[in-house]
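The values are calculated or read from the model by the stated rules, or taken from the named source; none is laboratory data. Please read all numbers here as calculations on a predicted model, not as lab measurements. Neighbour counts run over all protein chains shown; Cβ positions are idealised from the backbone, glycine included.
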Amino acid sequence: AQRVTQPEKLLSVFKGAPVELKCNYSYSGSPELFWYVQYSRQRLQLLLRHISRESIKGFTADLNKGETSFHLKKPFAQEEDSAMYYCAFHGGATNKLIFGTGTLLAVQP
Amino acid sequence: DTGVSQNPRHKITKRGQNVTFRCDPISEHNRLYWYRQTLGQGPEFLTYFQNEAQLEKSRLLSDRFSAERPKGSFSTLEIQRTEQGDSAMYLCASSLAGKTGELFFGEGSRLTVL
């Protein structure tokens with residue numbers, strides 16, 4: 001079954017520290033992976049897509065097919081990065097996006 | 001266009017009552033999705049439309065749930081004979097066909113069943 005796993009419910013770091021939010025998926029084909037973010041009192045929004053290989057707000061994510069992972073990284077966390085982060089997956093004939101359970105990132109001053 | 005809008009934002013109802021939520025997508029988006037989110041979980045897919053056609057439904061969508069998008073614009077999600085387990089945030093999202101994964105979400109409709 002297609003599945004996305006985010007093993008950490010909470011990740012707490014200090015401002016300026018590196019951040020890595022983990023995401024693993026189960027799928028034998030070629031997936032499309034995304035990271036979504038939800039800031040406090042805001043709607044869920046797309047942060048980045050693996051296809052575009054972009055850096056958004058200093059965040060990057062690389063698709064590792066060998067490890068079936070799509071971890072989100074940022075070298076220096078900022079307080080404004082505190083939010084809920086969801087990894088999402090799309091693959092196969094379906095047009096639905098499957099979300100992980102989310103990781104709450106808390107950046108301490 | 002202010003993005004995807006949902007109403008009501010909050011609904012409290014008694015068990016056994018019917019409720020209906022409405023979603024207005026971004027006007028040029030032909031795909032519309034419904035998700036459900038409970039505490040500590042990520043959004044769970046319920047169903048999606050391309051224009052007015054409902055193309056996929058989750059097994060989560062029991063017979064008590066029905067969704068429509070009659071003119072390919074706004075959509076409604078109706079829950080009949082609500083149960084306490086239906087309490088959740090119901091999220092609507094829209095996208096362009098061919099851009100699966102690039103969803104624009106509404107703020108959600110929170111349902112509380114007493």
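Take the conditions within 14 Å of chain B (Cβ to nearest Cβ) and surrounded by 14 or more Cβ atoms within 10 Å (Cβ to Cβ) and apply them to A:G92. Does it pass?
no
Name the pairs whose Cβ atoms lie under 6 Å apart, with the first residue in segment B:40-58 and of a type in the set (G, A, S), the second in a loop (DSSP other than H, G, I, E, B), and 6 or more positions between them or separate chains?
B:G42/A:G100; B:G42/A:T101; B:G42/A:G102
Can you give me the number of residues within segment B:54-77 that are within 14 Å of chain A (Cβ to nearest Cβ) and at pLDDT 95 or above?
Number of matching residues: 1.
Just to be sure before I move on: is A:G58 more than 10 Å from every other protein chain (Cβ to nearest Cβ), exposed (fewer than 15 other Cβ atoms within 10 Å of the Cβ) and closer than 27 Å to B:L55 by Cβ in the structure I sent?
No, not satisfied.
If A:E80 passes every condition in (1) out of contact with any Asp or Glu (no Cβ under 9 Å at 6 or more places or on another chain); (2) away from chain B (no Cβ under 14 Å); (3) surrounded by 13 or more Cβ atoms within 10 Å (Cβ to Cβ); (4) within 22 Å of A:S40 (Cα to Cα) but one, which one does it miss?
(3)
Quick one: in segment B:31-65, which of the residues that are among the small types (G, A, S) and part of a loop (DSSP other than H, G, I, E, B) is nearest to the chain's Cα centre (by Cα)?
Here the answer is B:S58.
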